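Below: one structure, written as structure tokens.
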């Protein structure tokens, strides 16, 4: 099959930056070059001047990837089904006849496949346009990035990799590309979307293809999916868009990337089936996220509403609200070839027919992991921090009773926010800082979380109007937690700027050491423990440390010498801010470690674990021994478990289905054992 | 002209055309001739041979002693006296470029490209499209010329380091030798770009200190003995067409370097018409071998692109491949018996049987040894009766992918013609640019019609289509049948027959583009990807290295096998504005080669390793493999007498 897919080489290249330059741009975040790219244009402005219908019916004539043959959806499906790879896999499936397996594969493909049609793109554009005009004041897009993308698309297959913070951004990229005459992408989506009546089909025809959750060990499904994805990349028939984080981040914090899809996407390059692949990280930032309150509730254990068409219409009340602005920042296109140079040896594929399924080597896996992390980091660097995120950072450092009862002094808050703004700029963060009257308008925008009255700001707590009964103390905690977690998620939007110096500040705070070596080893320890919480590019510990040092030095917090790091008098404010910023994470982790150690039970189910931790935390909050609500978030709890599993303090057991079939079918088999010794070791080190 | 790389000035032009002409003539004699006239002809030849022997030696330079090879006296020498390669090569060949001195491309007074000389079919013709193609492809124009150093400056050549004891004994053997600067410089290089470029700039590095011209096997035995005795470094020299830096003298070599030029060992010693073999001295160059065999009604069918100048010994030493290998095989298939002189003595098999099951084939230590083990002196080769009929052909495909698919199918059905080659779009355009001026309005009208038919009526995109060129050989009926079979397959892949003329021009092209040649064997499934990736890598590297104009980056599938194919990559760029173009070239070539290896290509299909590709050997054949080769070298040549340092 391969024959019909391949295209002759391209003439010239976009990527004339050399690798060293690139790594600087990408990893450390550049200073100078970003300035030119910060020109954002409001694309809604023009939409508001023209008719929606006229817009939807505009001529759409994109320049596709050069060598790409115009292949229809059915060609694509045929190519996948007839691929040598799938034939191998089908031959391997035993137990039923080949024809039956083929039939099954066809079924999977039907369920998965997109059906991109221009007519539906127009319909989508029409609707999205209407909705967005209602929801947002402006949608800002960096034209420079779009131009680079437009060029990149003609050079090699392009992968669009946005972050995912809201359902709203599912179609935003397609919408923008339609507006600017760039080929519409096909988008990887979760299967629940497909089952929505009518809407599922519209999405499919707008380019979405659907992937099951929890594929597990279904080999045939994996095979069909990976061949489908690879074929799209290989032919370059359309840009491919997928969320490397795997799902919508409930906490608005970047999620550690998932590697399955990334692996499929990069494989055609590893196997030399394409000359290069271009990755385009896209950072989408919101002033206010449409589903903010749902997210907080979900984190506290209230299940998210099932995706359904009726649910969608019910949700239409969100259209009444103002959600401020949205920024879509198209990152600099990254050449996979350049990224992987020197990292992998592609000749490992030379001795086995390339169509044969084979496990990638650890070298390849590490490389995929590295690229995925790099992309998420780039997304973080490209996202814009709103004044509200900075205020959230500060609000969360105030004692909770101040927030809920008397409120925080408005004047103090604004002053401190301006101080923080300067710090962000020192740390090379990107700010979305409109000139006039920023702070009061931003607080007004977030009236659902805080209200500003008589020179004071306090937290809005949703009273449930249905129940008139006074709340129990536990219910009270949960109510406050819901509000706090909303605030937390906005703080999280700014976290990536502070994490590295923050960890260093924490290390200084805990170790009380001035020795660089000692600080570095503690920095690495914390970086390691929190690797599920924040995005750290694997293998870059010392660069991260150097970055943290140089940033702290830049803002005048510390003085660095060859061997020592000395805290400056002037830097105490910064250090204490940073250390307090990360304190909730330390507290949460510590609490859970403590629970696991003191609990006594060495084997427990995840289902027991989550509520038990929540109970313990609630008790401690009520007794005043715990000052953070974040440990109540299921996200934090899951991250801790993943971190412990990664550190091999906890292992996951799969227990025979028969014995446990009585247990909750949702969690059966997910037993967890703790290695107490290792845990104590971590605790001890932590307590240094 | 020439501000692009020198190969366009030099030329390796239409050897095929001259050959064809000859094939045509002997075809005629075959069809008309009877047995008796044949016998007569052979008798006449032998007479002339004997006459030739009597006349020899007439030339003789000061410092060069002529010597007869007494040992060969009783053997039947069927060769004639018309030799292509004299001892003083510089008399007929360029000292700083490819080929004959009288044949080159230049712009005439009207600014049109012209090919000079009388040797080739293209000679003396004006090529109107070339200039425009050069300008549009490289941005090369008449205003930017880089003249070459016109003559060799002998004072730039280091004086020879002579081993007096060796020299004294060599003199007593009567074997001709010379330490003239021109002779030495001529044997200090092959045809790698950097070598030629240095010569054109008048830069001369380490060159051999002495050149010897053995006349026969026994002369070689004597020379090798003396070299061992006096610890002199020997470097065998055949046709000098190496493109792997194999002939470069290792700069670290402190001993006296003696270039052993085999060109005077150029006789066909006997022909065995019953077993269809010929026993030939290894210094014979391809065109002489073929011409002489043709006179007896035979051919070897081994036609590498360099056959005008490359020698039999060189083919053996590098594992050469000929364009018509589909019928005749590569050198390893053609060779029946090899005699090689090594420091440990002479190696040869005891019989000429077609196949032996006697452990690993020792021939395979010799083939590809690249002059590191000894000198190949005599070879017994298979010969074939000359084909009765030859026909060129060509097929146009809508795109390269379809072309490759067709070649794969042809190979699957094992019906490949004598030669089948697929040029990509860029090369197709180049071939077009080389079309000589057409003589009549009618021809140009026809050309226009053809173009219209293919691009408009058939809807081929002129920027994507590609051409396969074909050469059929055999008896007339079979050729026609075979032709039909191949065209039928082509039709399945959208191919349109595009006539004999295009096919012929395609083969001519081979000799004209000699920029970079990277030749490798690939698996089929990889062909498309590799072609695309390597071409793209070349373009990207050139851009990164500051080449102002997009380079020509093109490839061609030249050989098909059951399980793979051989692809040639060519690239050329305009080096205007670059301070060190050779370095850029080397970097790009290096990158291209890495790309090829990363994509599952082999290091070399037939040019060998030399010194240019040594660094990838371990990766290619594994450490154990290296150890095996090393131990052979250590046994055969413990004192590194054959010290050209190729391969390992």
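Considering the zone a paramagnetic label at residue A:118 would reach in this model (a point 7 Å from Cα along the Cα-to-Cβ line), which residues of segment A:183-219 have amide N under 14 Å from it? Inside the label zone: A:183-184. Computed FRET efficiency, Cβ-Cβ of residue A:415 and residue A:50, R0 30 Å: what is it to the nearest 0.05? With R0 = 30 Å, the Cβ-Cβ based efficiency is 0.10. Peptide packing: for B:279-290, A:319-330, the average count of neighbouring Cβ atoms within 10 Å per residue gives the ranking B:279-290, A:319-330, highest mean first. By the gyration tensor of its Cα atoms, with a ≥ b ≥ c the square roots of the eigenvalues, what is the shape of segment A:114-155: rounded for a/c under 1.5, prolate for a/b over b/c, or oblate? The shape class here is oblate. Of interest is the spacing of the C-alpha centroids, which for segment B:152-166 and segment A:522-539 amounts to 67 Å.
Placing a label point 7 Å from the Cα of residue B:92 along the Cα-to-Cβ direction, the residues of segment B:298-331 whose backbone N falls under 13 Å from that point are B:308-310.
Where a ≥ b ≥ c are the square roots of the eigenvalues of the C-alpha gyration tensor, would you call segment B:307-376 rounded, which needs a/c under 1.5, or, failing that, prolate if a/b is larger than b/c, or oblate? It is oblate, given that a/c is not under 1.5 and a/b is not larger than b/c.
So, by mean Cβ neighbours within 10 angstrom, what's the order for B:569-577, B:355-363, A:351-359 with the highest one leading?
Highest mean packing first, the order is B:569-577, A:351-359, B:355-363.
Peptides B:322-332, B:297-307, A:123-133 ranked from most to least packed, by the mean per-residue count of other Cβ atoms within 10 Å: B:297-307, B:322-332, A:123-133. Averaged over peptide B:559-569, the number of partner chain Cβ atoms lying within 10 Å of each residue's Cβ comes to 0. The separation of segment A:275-300 from segment A:89-165, counted between C-alpha centres, amounts to 17 Å. Note on segment A:159-254: Cα-Cα pairs beyond 18 Å make up 50% of the total pair count.
For residue A:197 and residue A:441, the difference between the fully extended length at 0.36 nm per residue and the C-alpha to C-alpha distance is 83.9 nm. Between residue A:422 and residue A:461, the FRET efficiency from the beta-carbon distance, with R0 = 30 Å, is close to 0.40.
Peptide A:353-360: average number of partner chain Cβ atoms within 10 Å per residue?
1
Cα centroids of segment B:320-350 and segment B:265-280: 14 Å apart.
Under the shape rule built on the C-alpha gyration tensor, where the axes satisfy a ≥ b ≥ c, segment B:552-623 is oblate, since a/c reaches at least 1.5 while a/b does not exceed b/c. The stretch between residue A:72 and residue A:515 holds 153.2 nm of extra length on full extension. This uses 0.36 nm per residue minus the Cα-Cα distance.
R0 = 41 Å: FRET efficiency of residue A:94 with residue B:487, Cβ-based, nearest 0.05?
Calculated value: 0.40.
Spin-label model, residue A:362 to residue B:389: label points 7 Å out along the Cα-to-beta-carbon direction sit 6.5 nm apart. Between residue B:619 and residue A:402, the modelled labels are 6.2 nm apart [label points 7 Å from Cα along Cα→Cβ].
Per residue of peptide A:275-286, the mean number of Cβ atoms on other chains within 10 Å of the residue Cβ is 1.
Mind checking the full-extension length gain between residue B:480 and residue B:272? Use 0.36 nm per residue of separation minus the Cα-Cα distance, one decimal, nm.
Gain on extension, residue B:480 to residue B:272, equals 71.8 nm.
Extending 7 Å from Cα along the Cβ direction at residue A:104 and again at residue B:634 yields two label points whose distance is 5.7 nm.
Each reported figure results from applying straightforward, stated rules to the coordinates on display, with no laboratory input. Just so it is clear, the model here is predicted, and its values are computed rather than measured. Ideal geometry is used to build each Cβ from the backbone, glycine not excepted, and the neighbour counts take in all protein chains shown.
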